[in-house]
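Beneath this line is the structure, given in structure tokens, with notes to follow.
The values are calculated or read from the model by the stated rules, or taken from the named source; none is laboratory data. Note that the structure is predicted; figures quoted are calculated from it, not measured. Note that each Cβ is placed from the backbone with ideal geometry, even for glycine, and that neighbours are counted across all protein chains shown. Only protein heavy atoms, including side chains, enter the accessible area calculation; ligands, DNA and RNA are left aside. Shrake-Rupley method; radii C 1.70, N 1.55, O 1.52, S 1.80 Å.
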Amino acid sequence: MSRRGRKSDWERLDESDVRVRPGKGSRPRSKRRPEHADARAAMVVGVDRGRWTCALDGSPDHEVVAMRARELGRTPIVVGDLVDLVGDTSGRPDTLARVVRVADRSSVLRRTADDNDPYERVVVANAQQLLIVCALADPPPRTGFIDRCLVAAYAGGLKPVLCLTKSDLASPEQIIEAYADLELPVLVTRSDEEPDAVRERLTDQVSALVGHSGVGKSTLVNKLVPDAFRAVSAVSAVGKGRHTSTQAIALPLPDGGWVVDTPGIRSFGLAHIEPDDIVAAFPEFVEPAEECPSNCGHLGPPADPDCMLDVVVGGGEARPGRLESLRRLLASRARLDEYAD
């Protein structure tokens with residue numbers, strides 16, 4: 001047959017003439033996921049090497065170890081997440097359930113490794129409060145760290161609470177005054193007294209704790225949760241390794257509620273946070289900020305000479321101290337303050 005004849009044959013073919021032999025394992029996967037109507041609700045209280053410790057129905061007396069179901073893929077699951085479990089939920093030794101659903105989060109505490117890191121790390125989910133623990137002496141208070149924790153709390157939907165420890169060594173008045181315009185709840189403790197005010201504030205809440213090394217956070221946790229060391233050890237056994245300083249862990253309070261200890265957080269990178277995320281925590285400035293020029297950082301002159309927030313204060317619609325506090329937080333986010341670390 002001539003070359004021209006062969007070409008004519010090909011031109012007469014259509015898609016119905018094509019036969020493709022399926023390869024091994026090429027059966028199409030269904031996108032339908034099982035409903036798991038019998039799944040049971042739980043809260044994640046510990047994470048270690050691909051295993052999640054979950055409090056079934058939110059009860060610290062019934063903890064279950066679970067793995068992530070295949071259909072979830074690489075869905076991130078962190079301490080505080082509300083999940084649904086199937087499989088063996090008895091909690092007996094050497095049993096393993098499966099996490100098949102992760103509920104939408106009401107709040108997130110995020111950080112990045114530094115302010116130039118685009119990768120966000122969700123540290124805690126669904127916490128209602130962020131307890132920022134700061135010593136008044138030994139080590140001295142670091143207001144830059146407090147400011148950056150406040151930024152992370154406001155942006156993530158957590159209510160910040162400042163806890164000043166070691167008041168037997170120094171007066172808290174200066175720090176309290178510095179944050180007065182933020183209307184920030186402040187709790188003061190000392191090492192020789194029970195933290196009754198802190199205990200009352202945290203009861204029946206899910207609260208995340210952050211603080212630098214040496215500020216007395218571990219001492220505070222041990223007073224709030226007498227068997228904290230035993231609880232940490234139990235969760236650490238999930239991955240047959242010790243609990244590391246990079247992982248959060250939720251500890252049940254005796255009178256109800258949870259304390260999420262975050263020993264690995266020494267600073268907050270805020271690369272994921274925009275100025276308007278912080279402004280949103282100041283209701284009196286939200287609408288005026290919408291009238292600001294595009295890309296306004298709300299820092300005021302000289303960086304933002306046309307910022308409308310100054311007009312609000314000048315008209316008596318907002319207190320100058322509130323704007324000063326807001327701009328201090330914005331400067332902390334932008335690494336413009338000398339105490340950012």
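What accessible area per residue comes out for the stretch 150-193, rounded to a whole number of Å², with a 1.4 Å probe?
In whole numbers, the stretch 150-193 has 45 Å² accessible per residue.
Extending 7 Å from the Cα toward the beta-carbon at both Asp192 and Arg92 defines two label points whose distance is 5.3 nm. Listed values for the stretch 163-176 are Karplus-derived 3J(HN,Hα) couplings in whole Hz (6.51 cos²θ - 1.76 cosθ + 1.60, θ = phi - 60°), namely 10, 9, 9, 6, 5, 6, 9, 7, 7, x, 4, 5, 5, 4, and x replaces Gly and Pro. With a cut-off of 11 Å between beta carbons, the residues surrounding Asp310 carry a summed charge of -1, where Lys and Arg count +1 and Asp and Glu -1. Computed from backbone phi, the HN-Hα couplings of the stretch 189-203 come to 10, 9, 5, 9, 9, 6, x, 4, 5, 5, 4, 5, 5, 8, 4 Hz, rounded to whole numbers (Karplus: 6.51 cos²θ - 1.76 cosθ + 1.60, θ = phi - 60°; Gly and Pro given as x). Average 1/r across all pairs of distinct alpha carbons in the stretch 164-213, invert it, and you get the Kirkwood radius: 12.4 Å. Other residues with beta-carbon under 14 Å from the beta-carbon of His62 carry, at +1 per Lys or Arg and -1 per Asp or Glu, a net charge of -2. If you plug the beta carbon distance of Ser167 and Ala37 into 1/(1 + (r/R0)^6) with R0 = 35 Å, you get a FRET efficiency near 0.05.
Extending 7 Å from Cα along the Cβ direction at Arg49 and again at Asp204 yields two label points whose distance is 4.0 nm. Per-atom-type breakdown for the stretch 72-182 gives carbon and sulfur 47% of the accessible area (1.4 Å probe, protein chains only).
Taking all protein chains into account, the per residue accessible area for the stretch 280-320 stands at 60 Å² (1.4 Å probe).
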